[in-house]
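> Input: one structure, supplied below.
No lab work stands behind these numbers, since they all come straight from the coordinates. Bear in mind that the values here come from a model prediction, so they are computed numbers and not experimental data. We place every Cβ from the backbone using ideal geometry, glycine too, and count neighbours over all the protein chains shown.
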Amino acid sequence: MTADGPQDAVPPLHLPRRTRLLLGCAFLLLVAAVVADVVTGPGTTLSPVLAVAPVLAGATTRRARVPLITGLVAMAAVGLLEVANHGVPTSVHVTALITVLAATLASTANVVLVAARERELFQVRTVAEAAQRALLRPPPERLGPLRVAVRYVAAAAEARIGGDLYEVAESPYGVRILLGDVQGHGLPAVETAADVLGVFREAARTEPDLARVAERLDSALAARPVNERWVTALLLEADRAGGRAELVNCGHPHPLLRRAGRVNELAPPRHAPPLGMLGLIGGRYEAGGFDPGPGDLLLLYTDGVSEARDGTGRFYPLSERLAALPAGSPEDVLDELLAGVRAWVGGAGLADDAALLALRWER
């Protein structure tokens, strides 16, 4: 292994435009100082400023040899300036050489350390991507009359997975879909999401009643040894023939149905608590139905989308934006909505994980 380490395990360095501009100005100042030193002639020297060279080089790379070579060139330049400025005390040039050497070693060590940290982060993100593929499986694009699309964005920039969850399962009773949002963040939320998805994948294929599927999910969460988390969720059952569809809403934001350019919320027949809280609050889960038609688009989403805020604190107008979009594919609709959410929050980024799932009945 070289001093640079396994570079193929580190993503390429991308400096923001403002950072590149600042570093460019610093390099220009350094060059100007060297030129001024040469022009002023014997008697004065600016050689100590060359210690900045390896520091600037280290800020532009993740390869340790770059600041190391730059430092050696700077030390050679100090020697040349000593010859040109023979009237300057030798102690000044020695001080400059020691300063350049110390800056070179420190900058090289910093590059090695940062590159090692970035390799670790890159490996963690790679594992997270593998976990996401295992936990949140991409659904088929077509299931009978349904065309399906899903998008997921974790709020944490270093993450690929969070507390939102989704699943699309074929069953003897039709296509069954789950979209949910685990209370909380971090690994405990991911663990809860994994438990919910495991129970759903089994119950969706064995329980004839969709409300009973929700009860199974609720019981599984309530039976956890340490039950500190609840899950808001939407369960959908769609007939393979494109007929009546059923929804069970477990304390989740209402889905949006776009039909003939108009968007309406599909409210449940009665409000029910999130999964894991039915035993505490009481009540029961109840399915509500609607009759989809060709061209209808149903949008399921988590509150990371509907509660995204702009700089003034206003929520993202999801219903209005959905109604204004052209009648494209579900994939195009979700891409447009996510682009709109990102533009709405601006540089602040998403405050919560965001999941979107769109269904369109095509016949």
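> Express in % the proportion of alpha carbon pairs of the stretch 24-117 at distances exceeding 18 Å.
It works out to 44 percent of all Cα pairs.
> OK, next. Full extension from Phe27 to Arg259: what is 0.36 nm times the residue separation minus their Cα-Cα distance, to one decimal in nm?
Difference between extended and current length: 77.6 nm.
> Could I ask something else about it? So what are the ³J(HN,Hα) numbers for the stretch 67-74, from phi and the Karplus equation (6.51, -1.76, 1.60; θ = phi - 60°), rounded to whole Hz, Gly and Pro as x?
Taking θ as phi minus 60°, the curve returns x, 5, 5, 4, x, 5, 5, 5 Hz for the stretch 67-74.
> How much mean residue ellipticity at 222 nm does the chain get from its helices, if each DSSP H run of length 4 or more adds -39500 (n - 2.57) and you divide by all residues, to the nearest 500 deg cm²/dmol?
Only helices count here, giving -15000 deg cm²/dmol.
> Determine the gain in length on full extension of the stretch Glu120-Thr95; use 0.36 nm per residue of separation and subtract their C-alpha separation, reporting nm with one decimal.
That pair, Glu120 and Thr95, stretches by 5.2 nm at full extension.
> Could you please report the charge total around Ala354, scoring K, R as +1 and D, E as -1 over all other residues with beta-carbon less than 12 angstrom from its beta-carbon?
Here the count lands on -4.
> Now for a separate question. Pull out the extension gain between Arg240 and Arg270, defined as 0.36 nm times the separation in residues minus the alpha carbon to alpha carbon distance; nm, one decimal.
Once the chain is fully extended between Arg240 and Arg270, it gains 8.2 nm.
> Give me the mean projected area, in nm² to one decimal, of the convex hull enclosing the Cα positions of the stretch 136-361.
Computed as one quarter of the Cα hull surface, the answer is 11.8 nm².
> Just to be sure I understand the model, the point goes 7 Å from the Cα along the line to the Cβ. What's the resulting Ala106 to Asp209 distance in nm?
The answer from the label model is 7.2 nm.
> Please work out the C-alpha center-to-center distance from the stretch 284-363 to the stretch 194-233 and express it in whole Å.
Distance between centres, Cα-based: 25 Å.
> Continuing with the same structure: Measuring from the lowest to the highest alpha carbon on each principal axis, how far does the stretch 249-363 reach, largest first, in angstroms?
41, 39, 19
> Under 5 Å between amide H atoms, partner at least 5 residues away or on a different chain: which partners does Arg240 have, H built in plane at 1.01 Å?
For Arg240, whose amide H was placed from the backbone, the distant partners under 5 Å are Val175.
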